[in-house]
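For reference, the structure is listed below as C-alpha cells.
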2 protein chains.
Amino acid sequence: MSQNYPSALLERAVLQLNSLPGVGKKTALRYALHLLKQDEEEAQTFIDTLVQLRQGVRYCRMCHNISDTEVCSICSGINRDHHTLCVVENVQDVMQIENTGQYFGLYHVLGGIISPMDGVGPKDIEIDSLVARILPEQISEVILALPTTMEGDTTNFYIFRRLQALNSTGDEHSATPLKISQISRGIAVGGEIECTDELTLGRSIVNRIEFKI
Amino acid sequence: MSQNYPSALLERAVLQLNSLPGVGKKTALRYALHLLKQDEEEAQTFIDTLVQLRQGVRYCRMCHNISDTEVCSICSGINRDHHTLCVVENVQDVMQIENTGQYFGLYHVLGGIISPMDGVGPKDIEIDSLVARILPEQISEVILALPTTMEGDTTNFYIFRRLQALNSTGDEHSATPLKISQISRGIAVGGEIECTDELTLGRSIVNRIEFKI
C-alpha cells in the first residue's frame, strides 16, 4: 500500500504519523482513519492533550526527568534518600525502576548515552550536570543503571572516570570517598541456565556473588 | 509500567495515544516522548496536519470514500469505467484494490459490514445509498469485494437480495439485468496446497474454474 491516497490531507497526516517510532505507512493510515472516525469532542481532546504536553511539560532542573514543576516530585521528595543517585539513560528507565519499588534514592537522567556511531558525545548528554551535582549535594553513592550494550559500557566507563577524579582531589571530602556502583548483570529472575546466552552466563559466573544465609 | 508517570501532562497524553488502535501504554509512552523530543517546528507541523485532516477531509457524495472534494477523483474520473461498481468495506480496501492496477471501475464504500454481534445493521452502513445509486447511473455490474468472514458473507447476501429486487421490477431495464458478482476466493498466488486451510481448499475445488489456453 504505497501511493493512491484518496485525499492529500490524508496522505499528509499518514506521513506525519509515519514519523512516530516503529510506525509504518499501514499503521499510520489506521491511526489517521481512527482519528477521522472519532466524534468531534474526542478528536479535539486528543489534539488538545498533545498540544498541552508540548507546551506545558518541563524538565526537572536537578535530575532532568520530565516534570510538571521546576523541581520534580522525586528530587523534592522528603521521603527519598538524598544521598544516593541513580544514573539512567531516559525517562522510561526512571518509571521502570520506580515500578520495582526497590529504590528510594534520587535519579539523574542523561537523555541519551555516548554513541560515536550516532554522533552522540559526552557533551551532548547530561554528564557535566551530573558531575556538577555530586559535591554540593553530599551524594555518597552513584549507581550506574545504563543499558548493557557497548554504548552503555562506554558511558559507564566515561562517567566512572569523571567521578573518580572527584575522589582524587585531595580536599576534606576525601575521607569518605564517593562510592560508584553499577546494577548487577546476570540471569533474569525465573531464567533457565540452558536458555541464557553465553555472554550473560559467562559474566554471571565471573561476577558470582557469595552465598549468604 | 503502569503508574508513576513523572508528569500529569505526560500521563494524559499517554492515555490519549493509548486510544489509537493496537497501541498499548508502553508504545503510547514512546510516542509521547518522541513528540517531546521533536523540535518546535516539527511538533507544530505534526499537530497542524492532524487538525487539518479533521477539519478539511470530506467524504465523496457518490462513493463515500475519503476525498478532498465533494466528488472524489475516481467518481469524477473520465478514464474510469462508469458502468462497474465495486462494493468494499472501507477506505483501505479501495487503496489496496487501486494498487493492484487491475480494476478501472467505480467504488462504493460501505463504511462497515453487517455485524449483529457489534450492533451494526444494514441501516448503519451505506447500503441504501448503494441501491439508490444503481438505476440512475446505468451501472451494469456490481462486484462485491467484502471480507471472507461470516459478517462479510451476511453482508454479501443482504446486498445481493436487495440488488436482485431491482432486476425483478418489470420495467424496460429488465432486458439487460444487473450483473452481480463477488471476488473469487481460493488459494493465494504462490500458495502451497499443503499449507492451505481446509475450508479455503474445499471452496476452491467446489468453485473450480475451467482451464482455458
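The values are calculated or read from the model by the stated rules, or taken from the named source; none is laboratory data. All figures in this text were calculated on a predicted structure; none of them were measured in a lab. Because the Cβ atoms are built from the backbone with ideal geometry, glycine has one as well, and the counts that use them run over all protein chains shown. Ligands, DNA and RNA are stripped out before the accessible areas are found, and what is left, the full protein with its side chains, is counted by its heavy atoms. Shrake-Rupley method; radii C 1.70, N 1.55, O 1.52, S 1.80 Å.
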Any residue at all in the range A:28-38 that's open to solvent by 80 Å² or more (accessible area, probe 1.4 Å) and under 16 Å from B:Leu17 (Cα atoms)? yes
Could you go through the range A:50-69 and let me know if any residue there is in a helix (DSSP H, G or I), within 8 Å of chain B (Cβ to nearest Cβ) and open to solvent by 70 Å² or more (accessible area, probe 1.4 Å). yes
Sole miss for B:Leu135 among (1) in contact with a Leu (Cβ under 8 Å, 6 or more places away or on another chain); (2) in contact (Cβ under 8 Å) with a residue 40 or more places away in the chain is condition (2)
Can you tell me which condition B:Leu85 does not meet? The list is (1) farther than 26 Å from A:Glu42 by Cβ; (2) open to solvent by 80 Å² or more (accessible area, probe 1.4 Å); (3) outside any helix (DSSP H, G or I), and all the others hold. (2)
So the helices (runs of 4 or more DSSP H) completely within the range A:102-213 holding 1 or more residues that are under 24 Å from A:Met62 (Cα atoms) and of a type in the set (A, V, I, L, M, F, W, C) are A:128-134, A:150-168
When only residues in the range B:88-112 that are open to solvent by 30 Å² or more (accessible area, probe 1.4 Å) and in contact with a Leu (Cβ under 9 Å, 6 or more places away or on another chain) count, which is farthest from B:Lys179 (Cα to Cα)? B:Gln92
Working only within the range A:3-43, note down all residues that are polar (S, T, N, Q) and at the interface with another protein chain (Cβ under 7 Å from one of its Cβ atoms). A:Asn4, A:Ser7, A:Gln16
Only unsatisfied item for B:Asp171, checking (1) modelled with pLDDT under 90; (2) open to solvent by 80 Å² or more (accessible area, probe 1.4 Å), is (2)
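Which one of these is open to solvent by 20 Å² or more (accessible area, probe 1.4 Å) and touching a residue at least 24 places away in the same chain (Cβ under 8 Å): A:Ser129, A:Ser115? Quick ask: steps written out before the conclusion?
Details: A:Ser115 fails: open to solvent by 20 Å² or more (accessible area, probe 1.4 Å).
Exactly one residue qualifies, and that residue is A:Ser129.
Kindly provide the set of residues from the range B:134-163 that are of a type in the set (D, E, K, R) and surrounded by fewer than 18 Cβ atoms within 10 Å (Cβ to Cβ), ordered by number. Before the answer, list the steps.
Residues of the range B:134-163 that are of a type in the set (D, E, K, R), as a first pass: B:137, B:141, B:151, B:153, B:161-162.
Across the range B:134-163, the qualifying residues are B:Glu137, B:Glu141, B:Asp153, B:Arg161, B:Arg162.
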Which condition number does B:Phe104 fail, the rest of (1) closer than 22 Å to B:Thr155 by Cβ; (2) within 17 Å of the chain's Cα centre (by Cα) being met? (1)
